[in-house]
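Structure first, commentary second.
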Amino acid sequence: MKIEMAKSYGFCFGVKRAIKIAESAGEAATIGELIHNSEEINRLRQNFGVKTLEGVSEIKDEQKLIIRTHGIQKDDLQRLKAQNKELIDATCPFVTKPQQIVEKMSAEGYDIVIFGDKNHPEVKGVKSYAKSRVFVIMDTKELQDVKLGPRVALVSQTTKKIESFTKIADFLMQRARELRIFNTICNATLENQEAVKSLSQKADVMIIVGGKNSSNTKQLFLISQNFCKDSYLIENESELERSWFENKSLCGISAGASTPDWIIKKVVARIENLTQNL
């Protein structure tokens, strides 16, 4: 059986940057998970003494705090700045961008529409910068009964599908007198999605590697499933099963933006071991 990697996969710029920041910070604590990958979080804790706090309320004696890649809510950030703490900002620049857009557009009187998961930390952070009405949606159905103002600004969670974002933009164009569209889906997300779409159309089995709570990894898995019914989402090599590869000629592999190379290499090695006698 042949194994083929997607043309684009794994760590994105923002995650690479955050990992380097955490590794060089020394004894520090992150407010929330630095990235959505539990195995990498464990590595940072064991090797670099970086511990994870659930939120601002858990801060006690910690003097050095790292703001995670997804950012935090504006009021939490302001409270931390008022304390005598050393703040290290590892917020991905692609996440900072929609925060700034929402703050500016809402100050100018625009209703804000955010395409994203209302429970995701990135979206909570972006929403907190709104000074006017803000609506967080996953589908246009959630806006059917909403009377929007004449001016609307649209942004997206950075890891969403461009096709879904376009549908929401089309919907809003028919309902707002003035619509400002900001495509805040990051380039790495788009490239990874296109790569998994291409590979899954020719693969017999697809393995997507990444955190089960990672939004961008879930999107890769859903795209893969559309074209390859035998698609599997795993966090590490221990979840692989030999039966997945029986009577298969091509195995495609992709990985989420928070998945480190060392996990991907272990997955590839395990697949090679499982399939050597098939």
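The values are calculated or read from the model by the stated rules, or taken from the named source; none is laboratory data. These numbers were taken from a predicted model, which means no experiment stands behind them. Positions of Cβ are generated from backbone atoms using ideal geometry, with glycine treated the same way; all protein chains shown enter the neighbour counts. Heads up: the accessible areas ignore ligands, DNA and RNA and are worked out on the full protein's heavy atoms, side chains in. Shrake-Rupley method; radii C 1.70, N 1.55, O 1.52, S 1.80 Å.
Some values worked out for this structure:
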{"quantity": "Any hit, the stretch 233-248, residues being open to solvent by less than 20 Å² (accessible area, probe 1.4 Å) and modelled with pLDDT under 95", "calculated": "no"}
{"quantity": "Boolean, residue 124 is surrounded by fewer than 18 Cβ atoms within 10 Å (Cβ to Cβ) and part of a helix (DSSP H, G or I)", "calculated": "no"}
{"quantity": "Unmet requirement for residue 96, which otherwise passes all of (1) surrounded by 15 or more Cβ atoms within 10 Å (Cβ to Cβ); (2) in contact with a helix residue (DSSP H, G or I) (Cβ under 9 Å, 6 or more places away or on another chain)", "calculated": "(2)"}
{"quantity": "Within the stretch 75-93, tally of residues that are open to solvent by 50 Å² or more (accessible area, probe 1.4 Å) and of a type in the set (Lys, Arg)", "calculated": "2"}
{"quantity": "Scope the stretch 89-118; condition closer than 12 Å to residue 71 by Cβ and either β-branched (Val, Ile, Thr) or touching a residue at least 24 places away in the same chain (Cβ under 8 Å) (or both); matching residues", "calculated": "90, 91, 92, 93, 94, 95, 96, 97, 98, 99, 100, 102"}
{"quantity": "Check on residue 155, outside the structural domain of residue 34 (by the TED database) and within 18 Å of the chain's Cα centre (by Cα)", "calculated": "yes"}
{"quantity": "Residue within the stretch 56-71 that is free of Cβ contacts under 8 Å to residues at least 60 places away in the same chain, of a type in the set (Asp, Glu) and within 30 Å of residue 149 (Cα to Cα) present", "calculated": "no"}
{"quantity": "Subset of the stretch 173-196 that is under 20 Å from residue 257 (Cβ atoms) and among the small types (Gly, Ala, Ser) - its residue that is least open to solvent (accessible area, probe 1.4 Å)", "calculated": "195"}
{"quantity": "Members of the stretch 1-25 that are touching a strand residue (DSSP E or B) at 6+ places or on another chain (Cβ under 7 Å) and either closer than 17 Å to residue 89 by Cβ or at pLDDT below 95 (or both)", "calculated": "1, 10, 21, 22, 25"}
{"quantity": "Residue within the stretch 158-168 that is touching a residue at least 60 places away in the same chain (Cβ under 8 Å), crowded, with 19+ Cβ neighbours inside 10 Å and within 30 Å of residue 251 (Cβ to Cβ) present", "calculated": "yes"}
{"quantity": "Cβ-Cβ under 8 Å pairs, at least 6 apart or on other chains, the stretch 234-249 side in contact (Cβ under 8 Å) with a residue 40 or more places away in the chain, far side of a type in the set (Gly, Ala, Ser)", "calculated": "235/38; 235/210; 235/211"}
{"quantity": "Qualifying position, being under 19 Å from the mean Cα position of the chain (by Cα) and closer than 29 Å to residue 162 by Cα, among 251, 186, 228", "calculated": "186"}
